[in-house]
Amino acid sequence: MPATIRPRRSVLYVPGSNPRALDKARMLGADALILDLEDAVAPDAKGAARQGIVEALAAGGYGKREVLVRVNALDTEWGHDDAAAAAGAGADAILLPKVESAETVRELESYLVACEAPAETAIWCMIETPLGVLHAEEIAWSSRRLGGFVMGTSDLAKDLHCLHTPDRLPFVTSLSLCILAARAHGLAILDGVHLDLKDDEGFAASCRQGLELGFDGKTLIHPRTIDTANEIFAPSADELDWSERIIAAHAEAEAKGLGVVVVDGRLIENLHVENAHRILRLGSMIAELESAAG
């Protein structure tokens with residue numbers, strides 16, 4: 001189940017134990033949501049949060065947004081019940097925390113089959129430990145249900161004993177290894193959160209760096225950051241115009257039997273045309289999503 005092309009510019013964590021947040025999320029401009037049963041929920045509130053998410057999904061109203069549910073780890077007392085409930089309630093994907101091996105993904109896959117979960121229910125993996133990063137490639141090909149990776153840079157920083165610096169150099173190796181593994185296997189991949197909500201400039205810089213590295217979008221912890229992530233991770237007007245021009249020029253050259261296409265002094269090959277089609281499709285889907293939400 002390779003990850004489909006769809007907008008994932010802004011992906012907001014929503015605490016499953018907060019009914020008001022679950023309701024408010026229906027009206028926000030985030031491309032996707034992660035309804036959280038793990039870190040954002042206290043142990044004595046896990047069961048109520050699970051039921052709250054099931055009821056929220058049953059009520060609907062999230063439009064065309066992709067909705068993931070982050071469950072508790074399968075080796076906890078809540079994990080299997082979380083996964084069964086999320087799949088049964090119609091979540092687009094189940095997000096597993098702290099994945100460190102292919103075996104963990106296959107365990108969830110087998111459980112979903114046993115629960116007769118819908119075939120389209122995807123599995124996503126949090127990569128947030130050194131072992132998870134080092135095993136990113138084996139995790140990436142672990143299951144046909146796998147849809148993508150979500151970087152957990154807060155936990156990763158704790159385990160690496162590294163600092164959250166403005167340039168994020170301590171994370172670059174880990175981020176790049178996971179991007180390589182994801183792209184090699186056709187998966188989506190989302191950047192980790194920016195913790196300082198008062199640091200607007202730093203958040204924007206982190207988004208720009210994530211875009212440059214190759215992430216599809218940014219995971220967020222507050223709605224106020226949605227617009228910035230949407231703007232930075234969306235194809236610009238110039239990119240859309242350029243994509244249209246090179247597709248047209250390449251088609252015209254092919255029709256004339258020409259082997260070389262040059263646009264504004266740049267040599268255009270098939271790989272550029274393929275990427276241009278991806279950009280235009282993404283731009284069209286963003287416009288459709290925003291129109292539906294508006």
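Coordinate-derived values only; no laboratory data. Quantities reported herein were computed from a predicted structural model and do not represent experimental measurements. Every residue, glycine as well, gets a Cβ built from its backbone with ideal geometry; the counts of neighbours run over all protein chains shown.
How big is the C-alpha Rg of the chain next to the rule-of-thumb value 2.2 N^0.38 Å, as a ratio? Present the calculation step by step, with values, prior to reporting the outcome.
Working: Rg = 19.8 Å, N = 294, 2.2 N^0.38 = 19.1 Å.
The value comes to 1.04.
What does the highest-first list of 163-174, 206-217 look like by mean Cβ count within 10 Å?
Values: 163-174: 14.5, 206-217: 20.0.
The densest-packed peptide leads the list: 206-217, 163-174.
Over the Cα atoms of region 143-294, what Rg and Dmax result, in angstrom?
Values for region 143-294 (Cα only, Rg and Dmax): 18.4, 59 Å.
Given the alpha-carbon gyration tensor of region 237-293, what are the semi-axes of its equivalent ellipsoid in whole angstrom, ordered largest first, with each equal to the square root of 5 times an eigenvalue?
26, 10, 8
Where does each of 36-43, 276-283 land if you order them by average Cβ count within 10 Å, highest first?
Peptide ranking by packing, descending: 36-43, 276-283.
Provide the net charge surrounding Gly202, with neighbours chosen by a C-beta distance below 15 Å and charges set as Lys +1, Arg +1, Asp -1, Glu -1.
Residues close to Gly202 contribute a combined charge of -1.
What does the charge count near Ala234 come to, summing +1 for each Lys or Arg and -1 for each Asp or Glu among other residues with Cβ under 10 Å from its Cβ?
Once positives and negatives cancel, what remains is -3.
Which one of Gly257, Thr104, Val14 is farthest out on the positive end of the charge dipole of the chain, using unit charges on Cβ (Lys, Arg +1; Asp, Glu -1) and the Cα centre as origin?
Looking along the dipole axis, the top candidate is Gly257.
Given an 8 Å cut-off on Cα distances and at least 6 residues of separation, report the relative contact order of region 41-92 as a percent.
Rounded, it is 44 percent for region 41-92.
Using θ = phi - 60° and the Karplus relation 6.51 cos²θ - 1.76 cosθ + 1.60, list the HN-Hα couplings for region 152-158 in order, rounded to whole Hz, with x at every Gly or Pro.
My calculation for region 152-158 gives x, 6, 5, 5, 5, 4, 4 Hz in order.
Add -39500 (n - 2.57) for each DSSP H run of 4 or more in the chain, then divide by its residues: what number comes out at 222 nm, to the nearest 500 deg cm²/dmol?
-15000 deg cm²/dmol
Normalized C-alpha radius of gyration of region 14-162, against 2.2 N^0.38 Å?
Output field value: 1.00.
Quick one: of the DSSP bridges fully inside the chain, what percent are antiparallel, nearest 5?
The antiparallel fraction comes to roughly 10 percent.
List every residue whose amide H lies under 5 Å from the amide H of Val193, counting only residues 5 or more places away in sequence or on a different chain, with H placed 1.01 Å from N in the peptide plane.
Thr153, Ser154
Explain nothing, just the number: relative contact order of the chain, from Cα pairs under 8 Å at least 6 residues apart, as a whole percent.
Details: 505 pairs, mean separation 54.5, N = 294.
Relative contact order comes out at 19 percent.
What number comes out for the charge environment of Gly29, summing +1 per Lys or Arg and -1 per Asp or Glu over other residues with Cβ under 10 Å away?
Result for the local shell: -1.
Tabulate in residue order the Karplus-calculated ³J(HN,Hα) for region 92-105, using 6.51 cos²θ - 1.76 cosθ + 1.60 with θ = phi - 60°, rounded to whole Hz; enter x for Gly and Pro.
After applying 6.51 cos²θ - 1.76 cosθ + 1.60, I find 5, 7, 10, 9, 8, x, 6, 6, 10, 7, 5, 4, 4, 5 Hz.
Please turn the phi angles of region 227-232 into ³J(HN,Hα) values with the Karplus equation 6.51 cos²θ - 1.76 cosθ + 1.60 (θ = phi - 60°), one per residue in order, whole Hz, x for glycine and proline.
My calculation for region 227-232 gives 4, 5, 4, 4, 5, 6 Hz in order.
In whole Å, how far is the Cα centre of region 116-158 from that of region 226-294?
29
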